[in-house]
Amino acid sequence: MALTVKRPKGTQDITPAQIYKWHTVERVASEAAEQFGFKEIRVPTFEDTGLFVRSVGDTTDVVQKEMYTVSATGDSTFTLRPEGTAGTIRAVIENGILNEGFPQKVFYILSCFRHEKPQAGRLREFHQFGCEMIGAQNARADADVIALAKSVIDRMGLQGIKLNINSIGCKKCRADYHKALVDYFTPHKAELCETCQERLTKNPMRIIDCKSPICSKIAEGAPVILDFLCEECDTHFKELQENLKAMKIDYSINPKIVRGLDYYTKTVFEFITTDIGAQGTVCGGGRYDGLIETLGGAPTPALGFGMGLERLILTMESQGVEFEEPAGCELYIAPMGDNAARYATGMIAKLRDLGISAEYDLIGRSLKAQMKYADKIGAKFVMVLGDNEIEQGQVNIKNMETGEQTAFTVDDTFAERLCDFLMASIIEGIDTEGLI
Ligand code: ATP
Ligand code: MG
């Protein structure tokens, strides 16, 4: 039989065999965020298209080429979120969180959708862990947000991930910079891709982020924004660096980073690995002091980052980092005969109530097949329960790792004693003599 419908290009199934990696990453990231004082927020998967056009920017690749926009009946159009910041900030404004005192700190783990050319580390549905800090103007906040991203990367056990920072200034500094870019790119106008020709008049800084090899080659010699920063932005950038130094966070300044989303101002940063090929940006973020006002809130400084979880996991795999293995089955009961099966049914219910992860035969397999199955699911202990054992009131529990057998009396307190034994030997790893 052949599957007639396959998963869409650029999407992935996360199978039960792989899910533990995701659980590790999600748990570690959430714990780090909570330790830094961020609280989780959950927002819709789709939003009004206008939200992304207004915030991400209508000259960005994301809006021009990558959005999945669906039209519902009637005239409204919705877009599957291509990133997490716009929806999160919309929710923060809409739920009055801006009135609850600053800074507000939220984090999320969510799926994003971009119509891109699928390749290693670049998917059409991918996942981000992200955070947003709202209401903090000071460069200490920038360092704190960068420190969270760094902490997540460190807690995952990753090595050699480089932090690059830059400042892309504010409206004031960008006016002069834009003029310089127009002067620089205009003589090359005919060589630029069609999109960048349009960007030249609308948003010349976007040309620097263009993925076309010709445009990026031309952009190599372009003026850099750092030479155009106003005093306030320049001071902010210096203070950021002082704070990073105080936190012992290594960084390099890369004046070429402009980031692919229009809402950024002042600080931008990326964490990059060389271990997973061309798509090595594991995390990207920055400050976006104008976004809240653009979306209709009171002018409020804010910043954040998005970390690509697929790229993070690929890097962990390539560096041989260990993920937490799932605990698995603690006890497998292999009943033989009708009486035993009935007894096992009651026993399994009691053991689960007592907190033991227990399984038993559900499809009437032979003892041999059951033992094979118990081995496959990684059962720590197995109890073979025949009608005989029940009649004689004695049963053996086998430790699958050592082969050691422990005899138990089958009576009214059996489940409780077995539970204590399993908890002690599996969870606590203590000597079980005296518990039987
Ligand atoms: P890139 O330059 O790789 O296209 P970007 O600038 O578009 O990245 P952001 O919008 O800042 O990325 O998203 C933050 C993070 O989300 C990226 O650093 C990356 O880890 C991840 N990411 C972005 N696009 C994809 C994708 N298509 N597939 C997988 N991960 C992605
Ligand atoms: Mg991109």
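Every number in this text was worked out from the coordinates using simple rules, so none of it is lab data. These numbers were taken from a predicted model, which means no experiment stands behind them. Counting neighbours? That spans all protein chains shown, and the Cβs are built from the backbone with ideal geometry, glycine included.
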**Message:** Please list 3J(HN,Hα) in residue order for the stretch 207-217, calculated via the Karplus relation 6.51 cos²θ - 1.76 cosθ + 1.60 where θ = phi - 60°; whole Hz, with x for glycine and proline.
**Reply:** 4, 5, 9, 5, 8, 5, x, 5, 4, 5, 4
**Asked** Taking the alpha-carbon centroid of each part, what is the distance from the stretch 95-169 to the stretch 281-354 in angstrom?
**Response** 18
**Item:** Sparse-neighbourhood loop sites, GluC sites (Glu not before Pro) in the stretch 43-144 - DSSP loop, at most 15 other Cβ within 10 angstrom
**Value:** Glu100
**Asked** Once amide H atoms are placed 1.01 Å from N in the peptide plane, what residues at a sequence separation of 5 or more from Thr265, or on another chain, have their amide H within under 5 Å of its amide H?
**Response** Arg287, Tyr288, Asp289
**Message:** Which three numbers, in whole Å and largest first, are the semi-axes of the equivalent ellipsoid of the stretch 352-407 derived from its Cα gyration tensor as √(5λ)?
**Reply:** 17, 15, 14
**Rounded FRET efficiency, nearest 0.05, which uses the C-beta distance separating Lys248 from Asn396 and R0 of 56 Å** = 0.50
**Message:** Just to confirm the number: angle between the C-alpha axis of helix 19-35 and the first principal axis of the chain, 0 to 90 degrees, nearest 10?
**Reply:** 60
**Complete:** Expressed in nanometres to one decimal, the distance between label points 7 Å along Cα→Cβ at Glu293 and Asp154 is 3.6
**Prompt:** Scattering from the C-alpha atoms of the stretch 224-296 alone, worked out with Debye: what is log10 I(q)/I(0) at q = 0.19, 0.25, 0.26 1/Å?
**Reply:** -0.94, -1.31, -1.34
**Loop GluC sites (Glu not before Pro), the stretch 156-236, which have at most 13 other Cβ atoms in a 10 Å radius of their Cβ (DSSP)** = Glu220
**Item:** Calculated SAXS-style log₁₀ I(q)/I(0) at q = 0.07 Å⁻¹ - the chain, Debye, Cα scatterers
**Value:** -0.49
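What is the sum of charges around Lys162, taking Lys and Arg as +1, Asp and Glu as -1, for the other residues whose C-beta is under 9 Å from the C-beta of Lys162?
Local charge sum for Lys162: -2.
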**Asked** How large is ³J(HN,Hα) for each residue in the stretch 59-66, as worked out from phi by the Karplus curve 6.51 cos²θ - 1.76 cosθ + 1.60 (θ = phi - 60°), to whole Hz, x for Gly and Pro?
**Response** 10, 7, 4, 4, 6, 6, 10, 10
**Asked** In the stretch 172-229, what is the count of Lys pairs whose alpha carbons are under 21 Å apart, counting only pairs at least 8 residues apart or on separate chains?
**Response** 9
**Asked** Per residue and in Å³, how big is the convex hull formed by the alpha-carbon atoms of the stretch 236-369?
**Response** 257
**Asked** About its Cα centre, how strong a charge dipole does the stretch 172-229 have in debye, to the nearest 20, once Lys and Arg get +1 and Asp and Glu get -1 at the Cβ?
**Response** 180
**Message:** Per 0.36 nm of contour for each residue apart, how much would the distance between Lys211 and Ile19 grow if the chain were fully extended, relative to their Cα-Cα spacing?
**Reply:** 65.9 nm
**Request:** Sort the stretch 93-160 into rounded, prolate or oblate with this rule: let a ≥ b ≥ c be the square roots of the eigenvalues of the Cα gyration tensor; rounded if a/c is under 1.5, and if a/c is not under 1.5, prolate when a/b is larger than b/c, oblate otherwise.
**Result:** oblate
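Please return the longest stretch of the chain lacking exposed loop sites, where trypsin sites (Lys or Arg not before Pro) count only if DSSP places them in a loop and at most 12 other Cβ atoms lie within 10 Å. Please report the intermediate quantities before stating the final value.
Values: sites that count: Lys6, Lys9, Arg42, Lys211, Lys248.
Answer from the scan: 249-436.
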**Asked** Based on the Kirkwood radius over alpha-carbon pairs, what value in µm²/s does the Stokes-Einstein equation return for the translational diffusion coefficient of the stretch 144-262 at 10 °C and 1.306 mPa s?
**Response** 100
**Message:** Once you order the gyration tensor axes a ≥ b ≥ c over the Cα atoms, which shape class does the stretch 172-229 get: rounded for a/c under 1.5, otherwise prolate or oblate by comparing a/b with b/c?
**Reply:** prolate
**Message:** Cut-off is 10 Å between beta-carbons; in what order do Cys193, Cys173 appear when sorted fewest neighbours first?
**Reply:** Cys193, Cys173
**Complete:** A correct Karplus calculation of ³J(HN,Hα) over the stretch 133-141, with 6.51 cos²θ - 1.76 cosθ + 1.60, θ = phi - 60°, whole Hz and x for Gly and Pro, returns 10, 10, x, 10, 8, 5, 5, 4, 5
**Message:** At a threshold of 8 angstrom on Cα-Cα distance, excluding pairs fewer than six apart, so keeping six or more, what relative contact order does the chain reach in percent?
**Reply:** 15
